[in-house]
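Down below is the structure, laid out as structure tokens.
The values are calculated or read from the model by the stated rules, or taken from the named source; none is laboratory data. This is a predicted model, so every value here is computed, not measured. Methodologically, a virtual Cβ is constructed for each residue, glycine included, from the backbone with ideal geometry; neighbour enumeration extends over all protein chains shown. Just the protein is used for accessible areas: all its heavy atoms, side chains included, with ligands, DNA and RNA removed. Shrake-Rupley method; radii C 1.70, N 1.55, O 1.52, S 1.80 Å.
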Amino acid sequence: MGEVGKAMGLLISGTLVYYHCSYRDATILSLFADVLIVLLCSLAILGLLFRQLNVSVPVDPLEWQISQDTASNIVARLANTVGAAEAVLRVAATGHDKRLFVKVVICLYFLSALGRLISGVTVAYAGLCMFCLSMLLCQNSQPLGSCVLKLGNGEVLEQDAHSDA
């Protein structure tokens, strides 16, 4: 699936979550429960239908697994993200870096004021829309076919914007 497909999938999923949480005044927990109920009922109905029609299921869902490397990679990325956020907040809280402290205070004040004006679901949806738009613009605006991203440690990552991988 290309970048446009990923962006559209994220935008559609985000729109459904935003509708569920904002307009229906429901929580994320109720959304997950609703999704699990629909999936469970759909699978049960399909199972009964396959049994009645004597159709064998080609893939056993009990055999679906992710590799150990994939699981380790997911947990390592999550731990790195949480650790980096904790390190920034720790340095800001100790007061060793005054500029970082001021930046964190200004960001937290801005988020607090924004939270009083707009619901959190709306802010999250707006962020998702901006992320999807940046994915599309990154792909479409580069005439040379590459999008350059600058990482936090100063390393430059060059990504081919026209690859489907």
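Some observations on this one:
- The order of Met130, Met8 by accessible area, most exposed first and with a 1.4 Å probe, is Met130, Met8.
- Alpha carbon convex hull of the stretch 77-117, projected area averaged over orientations, nm²: 3.3 nm²
- Surface calculation, 1.4 Å probe, protein heavy atoms: Phe110 sits at approximately 120 Å² accessible.
- 22 Å tail of the calculated P(r), the stretch 1-106, as % of Cα pairs: 69 percent
- Estimated inter-spin distance, Ala87 and Thr15, nm [label 7 Å along Cα→Cβ]: 4.0 nm
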